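Visitor: My structure is below; once you've seen it, I'll send some questions.
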Amino acid sequence: MNIKNAIQSKCLLSFNYDGFQRVVEPHTYGIDSKGHTALRAYQVRGGSESGEYIGWKLFHVDQMQQVAIVSQHFSGPRPKYKRDDSAFRAIHAQL
């Protein structure tokens, strides 16, 4: 599984996080301001501890389990996407 490939090919990602299955559109992958490898993504399906099942989220990659690229594609950046996201100190891949 390669998050960079999912971003470059605009493929959905599926994974388990905080006990919830999630499906997201990956937008930015890199190192966040606290030094964690992280993914900024728009969640389109699944659960959430916060109760917000759809929307922008930041995931720590080391807490993502059973990560898989879904064969379904998305069209491109979501509204309110911020390229060169300031939450990241290093970006490995972005839309």
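Visitor: Going 7 Å from the Cα of residue 21 along its beta-carbon direction, which residues of region 47-76 have the amide nitrogen within less than 11 Å of the resulting point?
Guide: 47
Visitor: Taking θ = phi - 60°, what integer Hz values does the Karplus form 6.51 cos²θ - 1.76 cosθ + 1.60 yield along region 10-16, in sequence order, with x for Gly and Pro?
Guide: 6, 9, 5, 10, 10, 6, 9
Visitor: Which whole-number value in Å² is the accessible area per residue of the chain, probe 1.4 Å?
Guide: Spelled out: the 1.4 Å probe surface of the chain, per residue, equals 56 Å².
Visitor: Continuing with the same structure: In nm, to one decimal, how far is the modelled label at residue 81 from the one at residue 2, with both set 7 Å along Cα→Cβ?
Guide: So the label points at residue 81 and residue 2 sit 2.0 nm apart.
Visitor: Dipole of the chain, Cα-centred, from +1 at each Lys and Arg C-beta and -1 at each Asp and Glu C-beta, to the nearest 20 debye?
Guide: Dipole size: approximately 300 debye.
Visitor: What's the longest piece of the chain with no exposed trypsin sites (Lys or Arg not before Pro), counting a site as exposed if DSSP puts it in a loop and it has at most 10 other beta carbons within 10 Å?
Guide: 35-79
Visitor: Let me ask you something else. For region 1-87, what is the convex hull (Cα atoms) projected area averaged across all directions, in square nanometres? Could you put the intermediate results ahead of the total?
Guide: Details: hull surface 21.4 nm².
For region 1-87, averaging the hull's shadow over all directions gives 5.3 nm².
Visitor: Next question, about the same structure. In the chain, carbon and sulfur make up what percent of the accessible area (probe 1.4 Å)?
Guide: Roughly 45 percent of what the probe reaches on the chain is carbon or sulfur.
Visitor: Once the piece of chain linking residue 68 and residue 36 is laid out straight, how much longer is it, given 0.36 nm per residue of separation minus the C-alpha distance between them?
Guide: Extending this stretch completely gives an extra 9.5 nm.
The values are calculated or read from the model by the stated rules, or taken from the named source; none is laboratory data. In this text, all values refer to a predicted model and were calculated from it rather than measured experimentally. Cβ coordinates were reconstructed from backbone atoms using ideal geometry, including for glycine residues, and neighbour counts include every protein chain displayed. Quick note on the areas: whole protein, heavy atoms, side chains included, nothing else; ligands and nucleic acids left out. Shrake-Rupley method; radii C 1.70, N 1.55, O 1.52, S 1.80 Å.
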